[in-house]
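Q: First the structure, then my questions, so here it is.
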């Protein structure tokens, strides 16, 4: 996120540096996890297709949640020309719907 933010503010060198630092730290973390007897993350677990699929689905759902929560009020106010109260109500209804659907799915999955 820091790298993307820096890149959007015309500081490409800092963005590149932070991205490279992220890559180096990720590689060092994975190498460390491979060689210690009790790793924090079991790397063989990531070779199983259901684990990867569940984590990718969770990542995409989280990105959608954060994106909608961030941009829905701006969309309602800027594009639809509604008041901040209406934007807040739209966001509230969306959050109530997510909680209700997560509860229903939890009951159906159990």
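Q: Looking only at helices (runs of 4 or more DSSP H) that fall completely inside segment 1-86, which ones have 1 or more residues that are closer than 30 Å to residue 99 by Cα, in contact (Cβ under 8 Å) with a residue 12 or more places away in the chain and in the same structural domain as residue 102 (by TED's automatic domain parsing)?
A: Where helices (runs of 4 or more DSSP H) fall fully within segment 1-86 and carry at least 1 residues being closer than 30 Å to residue 99 by Cα, in contact (Cβ under 8 Å) with a residue 12 or more places away in the chain and in the same structural domain as residue 102 (by TED's automatic domain parsing), they are 49-78.
Q: So, in segment 63-77, how many residues would count as being within 19 Å of residue 1 (Cβ to Cβ) and touching a helix residue (DSSP H, G or I) at 6+ places or on another chain (Cβ under 9 Å)?
A: Matching residues across segment 63-77 total 4.
The values are calculated or read from the model by the stated rules, or taken from the named source; none is laboratory data. Here the structure is a predicted model, which is why all the values come from computation and not from measurement. Neighbour counts are summed over all protein chains in view; Cβ atoms, including those assigned to glycine, are modelled from backbone coordinates with ideal geometry.
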